[in-house]
1. Report the Stokes-Einstein translational diffusion coefficient (µm² s⁻¹, integer) for region 54-144, Rh taken as the Kirkwood radius over Cα pairs, at 37 °C with viscosity 0.692 mPa s.
2. If each residue of separation counts as 0.36 nm, what is the full-extension length gain between residue 135 and residue 239 once their alpha-carbon separation is subtracted?
3. Quick one: if you take sqrt(5λ) for each eigenvalue of the C-alpha gyration tensor of region 160-222, what semi-axes come out, biggest first, whole angstrom?
4. With a 10 Å radius around each residue's Cβ, average the other Cβ atoms per peptide and rank 41-54, 112-125, 64-77, highest first.
5. What ranking of 81, 213 emerges when the number of other C-beta atoms within 10 Å of each C-beta is taken as an exposure proxy, fewest first?
6. With a 10 Å radius around each residue's Cβ, average the other Cβ atoms per peptide and rank 189-197, 130-138, 87-95, highest first.
7. Evaluate the distance, in nm, between pseudo-label points positioned 7 Å from the Cα of residue 93 and of residue 210 along their respective Cα→Cβ axes.
8. Restricted to Cα positions, what overall size does region 44-88 have along the principal axes? Three whole-Å values, descending.
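What follows draws every value from the coordinates through simple rules; no lab data is involved. In this text the structure is predicted, and so the values were computed from the model without any measurement. A quick note on method: Cβ atoms are made from the backbone with ideal geometry, for glycine too, and the neighbour counts reach across all protein chains shown.
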């Protein structure tokens, strides 16, 4: 299997297929931070040509543009985030993150800040197969987080990914911890999902692997006693110390997000 074919599944967050979800949907958002603290929305980018399996060069495979569906997802995301008090936007240095948040940035007038350290997990070089990826996941879940993809030079282990990404997230959170409003961090399925167990207090690696992020999936993070907790993982509420203080957003926002997710699925079915 070629790098292009492999990454079409792996970096989309839908491989191995038996573990993660292939659905594409926006999530409901229930902001829970007190008025004098920031909320953080970790958002996976919209569908790219790599996700769709149409990337045609190694360069495009690593840094692909959005598909037509991805561009529509970016527009839908802007609608879903409308009315949220966004105060800052961070993106990786891969274009798919900037393109995903571009409609939102245009509406809010915010200039996204690019952070190279939060770019996607590096899957290395060479011909790979899903069995190799599953073997790596299995090693991680068994406690060997130093494992990388067998037979793929340059692929990052979970330890290496965490060492690169987690300090960058910590720096962003520290910068805005005492501010009001919402900070959007637009990244990738691996660099958000797989690192969240080492960043937040209440997410396990098994949960992260079993609940791969969909395109434009959102992980909401709040601070409690200065420590980050995931309060919502792609619409699923998680237990955290401040759960009793939840202040939901207007009911229309989760309903809109669910409707947009349904539209995305309908578009995909029609295309098929």
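1. D = 211 µm²/s.
2. Length gained between residue 135 and residue 239: 34.4 nm.
3. Working through the eigenvalues yields semi-axes of 19, 14, 11 Å.
4. 41-54, 64-77, 112-125
5. Lowest to highest Cβ neighbour count: 81, 213.
6. 189-197, 87-95, 130-138
7. Placing both labels 7 Å along Cα→Cβ, they lie 3.7 nm apart.
8. Projected onto its principal axes, the Cα set of region 44-88 covers 39, 20, 11 Å.
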